[in-house]
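Remarks on the structure that follows.
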Amino acid sequence: MSEQRVLVTGAAGFVGRHVARACLNAGYRVTTVDLATPPLDLCRDTTVHTGSFDAPEILRAVGAGQFGAVVHLGAISSTVEENWQALEQTNIAGPAALAECCERSGTRFVYASSSSVYGEITDRRPLPEAALGSSACSGPLNAYARSKALFDTHMTTRFGIDGGPGWAGLRFTNVFGTGELHKKSMASIIGQLLLATARQEPLTLFADTLEACRDYIPVATVAKTCVLMADPGAPSGIYNLGSGHATSFAELLRWCSDFAETPLNVRLVPNPHIGRYQYWTCADMSALDSSLPTRPRPGPAELRRAAHELYLHFKDMNNRS
């Protein structure tokens, strides 16, 4: 029974709700846990626990082997959070306790890391996982990224990559898609620009970022990859999870203009995050390509198509409001 059951933490969040739905579509019996209530469709189709992912009853259930896999997406995800005590508990100590329970019960453990751990990339080339700690990147530029890097280190040193159902940390790049409006200023920048375009509102960007680039990845791709990684036979270790393509903000503006079929009202404002801002991100996907060859791999055309679909979604929402 446990092999067909999966626990998804952070299931009320943006990525979590998509992962929970993808697990259901893959035939898993899904239990969700989050401090907030998941969307109604997930409440209908899953077993819902409202509370912390490291609550004693959750840890007991995982330690007792009630699940074949845990996909851990619960976290403080704000890149401007400065409360280190809260970050340490939620992004390091809590997940470590969950991972220990998985180890004890032989449960596959998959968790969300972040490409923010790399910080600023020295040379504008796709960055492999092993580059962290080298001269190729600055390392974490904020407390959130530091917490994610420290947990990656904990997992590697504590568990290694051999034996059992294993574990995997996925360093998400810039995930975008439906269901993140509640994140407001923490929503993906591509989502924010598409939403403003659909609403015919001014688009605001930092003045020094028009040629800055991001590695964007559709949330559906992330969700499908998490499902593949939840399989006990999947590889263990830390993996980048992005598209492997760098798209500039100038290119995003061209997309928005093309989608709206009209000139844009763009406001350029001073960047208040100089010294803590990633001007270029792009993931080297070689490791995951080799270890998980069946994973979905969106190219530039698929990224633009996904952005267009999100624009149409926002436009429809705007027309109905």
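The values are calculated or read from the model by the stated rules, or taken from the named source; none is laboratory data. None of these values were measured; they are calculated from a predicted model. All Cβ positions, glycine included, derive from the backbone under ideal geometry; neighbour counts span all protein chains shown.
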_It is to be established whether one or more residues within the stretch 75-90 are touching a strand residue (DSSP E or B) at 6+ places or on another chain (Cβ under 7 Å) and part of a loop (DSSP other than H, G, I, E, B)._
yes
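Does at least one position in the stretch 204-213 carry a residue that is in contact (Cβ under 8 Å) with a residue 60 or more places away in the chain, out of contact with any helix residue (DSSP H, G or I) (no Cβ under 7 Å at 6 or more places or on another chain), among the β-branched types (Val, Ile, Thr) and closer than 30 Å to residue 72 by Cβ? I'd like the intermediate steps shown before the answer.
Initial filter on the stretch 204-213 (in contact (Cβ under 8 Å) with a residue 60 or more places away in the chain): 204-209, 212-213.
In the following step, the residues that additionally are out of contact with any helix residue (DSSP H, G or I) (no Cβ under 7 Å at 6 or more places or on another chain) were identified as 204, 206-208, 213.
Next, from what is left, pick out any that are among the β-branched types (Val, Ile, Thr): 204.
Subset that is closer than 30 Å to residue 72 by Cβ: none.
Checking the stretch 204-213: not a single residue is in contact (Cβ under 8 Å) with a residue 60 or more places away in the chain, out of contact with any helix residue (DSSP H, G or I) (no Cβ under 7 Å at 6 or more places or on another chain), among the β-branched types (Val, Ile, Thr) and closer than 30 Å to residue 72 by Cβ.
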*Hey, any hits in the stretch 100-114 for a residue that's of a type in the set (D, E, K, R), in contact with a Leu (Cβ under 9 Å, 6 or more places away or on another chain), in a loop (DSSP other than H, G, I, E, B) and not assigned by TED's automatic domain parsing to the domain that holds residue 185?*
no
_I'd like to know if the stretch 138-149 contains one or more residues that are hydroxyl-bearing (Ser, Thr, Tyr), closer than 20 Å to residue 89 by Cβ and touching a residue at least 60 places away in the same chain (Cβ under 8 Å)._
yes
*Every residue from the stretch 18-35 that is under 24 Å from residue 225 (Cβ atoms) and outside any helix (DSSP H, G or I)*: 26, 27, 28, 29, 30, 31, 32, 33, 34
*Hits in the stretch 269-299 - residues which are within 28 Å of residue 206 (Cβ to Cβ), at pLDDT 95 or above and exposed (fewer than 14 other Cβ atoms within 10 Å of the Cβ)*: 269, 270, 299
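In the stretch 154-181, which residue that is hydroxyl-bearing (Ser, Thr, Tyr) and surrounded by 15 or more Cβ atoms within 10 Å (Cβ to Cβ) is farthest from residue 17 (Cα to Cα)?
Residue satisfying both the conditions and the ranking: 156.
Just the residues that are modelled with pLDDT under 95 and not β-branched (Val, Ile, Thr), please, taken from the stretch 120-132. Reasoning before the result, please.
Restricting attention to the stretch 120-132, the residues satisfying the condition of being modelled with pLDDT under 95 are 120-125.
Selection gives 120, 123, 124, 125.
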*Please state which of the following conditions residue 236 fails to meet, knowing it meets all the rest: (1) within 18 Å of residue 188 (Cβ to Cβ); (2) buried (at least 17 other Cβ atoms within 10 Å of the Cβ).*
(1)
*asked:* Checking the condition surrounded by fewer than 21 Cβ atoms within 10 Å (Cβ to Cβ) and at pLDDT 95 or above, which residue from 218, 202 passes?
replied: 202
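Listed residues 178, 153; which is modelled with pLDDT of 95 or more, out of contact with any Cys (no Cβ under 9 Å at 6 or more places or on another chain), of a type in the set (Ser, Thr, Tyr) and outside any helix (DSSP H, G or I)?
Working: 153 fails: outside any helix (DSSP H, G or I).
Answer to the check: 178.
Per-residue answers, yes or no, for (1) more than 18 Å from the chain's Cα centre (by Cα); (2) in the same structural domain as residue 79 (by TED's automatic domain parsing):
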| site | (1), (2) |
| --- | --- |
| 222 | no, yes |
| 228 | no, yes |
| 235 | yes, yes |
| 238 | no, yes |
| 252 | yes, no |
| 258 | yes, no |
| 264 | yes, no |
| 267 | yes, no |
| 306 | no, no |
*When residue 186 is evaluated against the numbered criteria (1) hydrophobic (A, V, I, L, M, F, W, C); (2) at pLDDT below 95; (3) surrounded by 18 or more Cβ atoms within 10 Å (Cβ to Cβ), which criterion, by number, is the only one it fails?*
(3)
